[in-house]
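Novice: A single structure is presented below for examination.
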Amino acid sequence: MLGSVVLRRRREFAWGRHHAREALVRLGFAPVPILSRADRAPVWPLGAIGSISHSSSDCGAVVGRSSDVLALRLDIEDEEPLGADLLPIICTPAEIELSEWSGSRVGPKLIFIIKEAVYKSYGPATGEFLDFQDVSVRTNDQSGMFEAEIVNSEKPMSFGSRTINGIYLLFEGGILALAARFRGA
Ligand SMILES: CC(C)(COP(=O)(O)OP(=O)(O)OC[C@H]1O[C@@H](n2cnc3c(N)ncnc32)[C@H](O)[C@@H]1OP(=O)(O)O)[C@@H](O)C(=O)NCCC(=O)NCCS
């Protein structure tokens, strides 16, 4: 049992690194090994910024040039719906009222994943944690883009703004969200 957990973790780690290296090469970076910091954060090559995420069956990586991008964080999760008891914890009353998605299987889970990506990009930038109720999310199913607003005014801004934008994607078996802050945006 322990052996299979270790094996799975090794595979997951290797796949994440594989995708990250491929993405770096596509951007024109040399295919160098991506090491890990003591806190497990990947060490990106000079001039690059990126993020890796895993669900139980998928993994992905995203990278950008740090000359263009200030923050980039990915979250990938299985599409398993959230328990109904979690809905008022994860979603604000305004989000719950949004009829477009509140009746759908993945709607609340999508909000959860977006908030995870936002939280992961916000924490390192500000040194602060966010609760789910600190953030209000609006999604646009036509464009696949989201806008997340830090609605708790006691929380600091992130890179001078209360808004964090990104994209989301529903794929077979999973959902991903990517929160990004571009320089000059
Ligand atoms: C640590 C963290 C990434 C785990 O997230 P998760 O949803 O459990 O796991 P995910 O699969 O999405 O991400 C795991 C990957 O994130 C990366 N990662 C791990 N720790 C990280 C960190 N501290 N910072 C950035 N990336 C990290 C790794 O690439 C890891 O995969 P790998 O070990 O196979 O390379 C997430 O909780 C996080 O970013 N927390 C932010 C902490 C923070 O903001 N601190 C400052 C506030 S004071």
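The values are calculated or read from the model by the stated rules, or taken from the named source; none is laboratory data. Since this is a predicted model, take the numbers as computed values, not measurements. Here the Cβ is made from the backbone with ideal geometry for all residues, glycine too, and neighbour counts use every protein chain on show. Calculation scope for accessible area: heavy atoms of the full protein, side chains included, ligands and nucleic acids excluded. Shrake-Rupley method; radii C 1.70, N 1.55, O 1.52, S 1.80 Å.
Novice: Under a Cβ-Cβ cut-off of 15 Å, what is the net charge of the residues other than V5 that fall near it, where Lys and Arg count +1 and Asp and Glu count -1?
Specialist: Value of the local net charge: +3.
Novice: Can you pull the one-decimal nm distance between simple spin-label points at L98 and R9, each 7 Å off the Cα toward Cβ?
Specialist: Reported label-point gap for L98 and R9 is 3.6 nm.
Novice: Could you give me the ³J(HN,Hα) list for the range 171-182, computed from phi with Karplus coefficients 6.51, -1.76, 1.60 and θ = phi - 60°, whole Hz, x at Gly and Pro?
Specialist: 10, 4, x, x, 9, 10, 9, 10, 9, 9, 10, 8
Novice: Let me ask something else about it. Kindly identify the chain as rounded, prolate or oblate by the Cα gyration tensor criterion: order the square roots of the eigenvalues as a ≥ b ≥ c, call it rounded if a/c is under 1.5, otherwise compare a/b with b/c, prolate if a/b is larger, else oblate.
Specialist: oblate
Novice: Please give the charge dipole size of the range 2-182, origin at the Cα centre, charges +1 on K and R Cβ atoms and -1 on D and E Cβ atoms. Round to the nearest 20 debye.
Specialist: It works out to roughly 1000 debye.
Novice: What is the distance, in nm, between label points placed 7 Å from the Cα along the Cα-to-Cβ direction at L169 and at R65?
Specialist: Each label point is offset 7 Å from its Cα along the Cβ direction, giving 2.2 nm.
Novice: Let me ask something else about it. Could you work out what % of the accessible surface of the chain is carbon and sulfur, using a 1.4 angstrom probe and leaving DNA, RNA and ligands out of the count?
Specialist: Ligands and nucleic acids excluded, carbon and sulfur reach 56 percent.
Novice: Just subtract the alpha-carbon distance of H18 and Q142 from 0.36 nm times their residue separation and send over the number in nm, one decimal.
Specialist: Full extension from H18 to Q142 adds 41.5 nm.
Novice: Quick one: if the Förster radius is 25 Å, what FRET efficiency do D85 and A38 give, using the C-beta to C-beta distance and rounding to 0.05?
Specialist: It comes to 0.10.
Novice: By per-residue mean of other Cβ atoms within 10 Å, what is the highest-first order of 25-36, 154-165?
Specialist: Going from most to least packed, we get 154-165, 25-36.
Novice: Let me ask you something else. 222 nm [θ] for the chain, helices only, -39500 (n - 2.57) per DSSP H run of 4+, per residue, to 500?
Specialist: Value at 222 nm, helices only, nearest 500: -9500 deg cm²/dmol.
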